[in-house]
1. Run the numbers on segment B:347-437 and let me know its relative contact order in percent, using alpha-carbon pairs under 8 Å that are six or more apart.
2. Can you grab the distance from the C-alpha centre of segment B:1-33 to the C-alpha centre of segment B:393-463, Å, no decimals?
3. Need one value for B:36-44: mean number of C-beta atoms belonging to other chains within 10 Å of its residues' C-beta atoms.
4. What is the Cα centroid distance between segment B:301-360 and segment B:136-204, reported in whole angstrom?
5. I need to check one value: relative contact order of chain B, counting alpha carbon pairs closer than 8 Å and at least 6 residues apart, in percent.
6. Name the residue from B:Ala305, B:Ile400, B:Gln413 whose Cα lies farthest towards the positive end of the charge dipole of segment B:301-413, charges +1 on Cβ of Lys and Arg and -1 on Cβ of Asp and Glu.
7. Chains B and A: what accessible area do they bury, summed, in square angstrom to the nearest 100, with a 1.4 Å probe?
8. Quick one: with all protein chains in place, what share of the accessible area of segment B:137-293 is carbon or sulfur, to the nearest percent (1.4 Å probe)?
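The values are calculated or read from the model by the stated rules, or taken from the named source; none is laboratory data. Values in this document were obtained by computation on a predicted structure and should not be read as measured data. Cβ placement follows ideal geometry from the backbone for every residue including glycine, while neighbour counts extend to all protein chains displayed. The area values use the complete protein model at the heavy-atom level, side chains included, leaving out ligands, DNA and RNA. Shrake-Rupley method; radii C 1.70, N 1.55, O 1.52, S 1.80 Å.
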Amino acid sequence: MQREDLISYLERLVLVRFTESERKRIMEEINKILDFFKSLDEIKELDNYEPLFHVHDIEGPTREDEPSHEVELQRSDVMLNAVLEKGYVKAPRTIEE
Amino acid sequence: MSFEIPVKIGLEIHVQITALKTKLFCATKADYRSEEPNTLLCPTCLGLPGALPKVNKKAIEYAIMVAKALNCRIAPKLIFCRKHYFYPDMVKNYQISQYDGPGSTPIASNGFVRIIVDGKPKIVRIRRINLEEDPGRIHYPTGSLLTSKYSLVDYNRSGIALLEIVTEPDIESPREARIFLEKLIAILEYLGVTDTRLEGAFRVDANISVADQARVEIKNIGSIKDVERALTYEILRQKSIIQKGGTVSRETRHWDSSSKVTVPLRIKEFEEDYRYFPDPDLPPITISKEWIEEIEKRMPELPDARIERFVKQYGLDEYRAQVLVLNKWLADLFEEAAKEYNNYKSLADWLITDFLRWVKEFNVDPSRVKATPKHIVKLLKLLDEGLISVRMAKELMPKIVLEGVDVESFVKQHGFSKLSDESELRRVVEEVFREYPRAVEDARRNPKAINFLVGAVMKKTKGRADPQLTIRIIRELLQSQQ
């Protein structure tokens, strides 16, 4: 992919639109990032390495299947920013005409 | 129904783990069905900044059970990824899910389910199983996505533990899809993972391609019946495009269950649009062999094993064994009754024909069927002893199913027993002979005409006459009067 096309592609993926000057600035930044990541190509025999999923090498914690009362205390606050109709959150239509 | 043009169907089944008390990543109560909208929420299931998800251990164990039951390979590590998309059902704009791609793996893959289609065994391969969170539930003010000007969202459902089970495109007709889903649901029911009768606990997306044209995805199908309907509709739609010389375009369509059609959706996302990456809030969890073995020990007998056992232990053929086993409650009832009644084939026949028919006819919830195994055993014993006729047994069946009527006392009270007293029956036959002299003449000339007389005796005795005895007496009288 050409690097100019890459910018339009990223615009679509993240659902934003850049102005010309923004495009120029981001182009420079993206180039730096991509060049930096190119150093990964120098690593040989990648199969010998475990993929890294998490920066800390820790085991994910789990919890027992028991409801918590702390959760109930927070309930009244969590909907403060929503537009409600009969208790439901109002949201846009999801289909085109 | 047969489709001459090749049809390839793959299914994506979403099953809520309804056996859980809390959501997948937070300790919020999971049983949302009788609750007011947007009352079972916390910062984690709403994805508020700073909230941290923590995995429900039981959810992992249920996922492993399902994976084992579907003969899957289980991943050594449980890795959660973020799947990004913009849609009102998800507040944080990503769903915590799993990714089947470079560097990541779902909890289980490469499984299969055995089904029987028209008496022939068939394998439907399972591509993968994901453990993920359910998004919120969208409610359309008019009841339909097509006519609603906006949508209303209930986030109580967001964060409920969900299994996404994906098949390979091995299914070749809408009917085969139904047979597969019935088997899958039975397996899930035996495992006690989910109660698929609960609204929304079981949802299907179907991928279908006709005549090797583009794959169309149908979303939002809520029942097995609707899967069959939506697929049949889609096959007809795609066929008519092809027959007119057009090409089917790759798209996502929505099944509108009120108008029973599929309509195109705005979602046109490709995999990269989802920007999958490992969720930094959720470090991988090791799934050790020991853990899997310990879970396997707790697993109940599954449908395939039970079918095999029914064939061996009760001498049933595979068809009967399967009908019983795939209706777990019926198979349980059969086994209880079989402790006290050893004509297993007859027992199976009565259960899968008359009994099951009435349960379906009255649309009785299996958990509310009044009949106990004892009722059935009593009925069959009375039948074997010749105290009631087959016809009477058939008439009594709905009373047993609906009211749990005790057959023995009912028969005593209502004089519902079979008329097998010879002298009494002889009197009835003589009466019939007097009433239908021409039929008697006919029967003398033509042995087949005897059926009319038998019918008349049955009518007079309200079906209580013993048929064998009636025929014998009629024959004797016909000869003696010649």
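1. 29 percent
2. Cα centroid of segment B:1-33 versus Cα centroid of segment B:393-463: 53 Å apart.
3. Numbers: counts 3, 7, 8, 5, 4, 7, 8, 4, 2.
That average works out to 5.
4. 29 Å
5. Working: 802 pairs, mean separation 66.2, N = 482.
About 14 percent, as a whole number.
6. B:Gln413
7. Values: alone 24450 and 10530 Å², together 30720 Å².
In total, this chain pair buries about 4300 Å².
8. 50 percent
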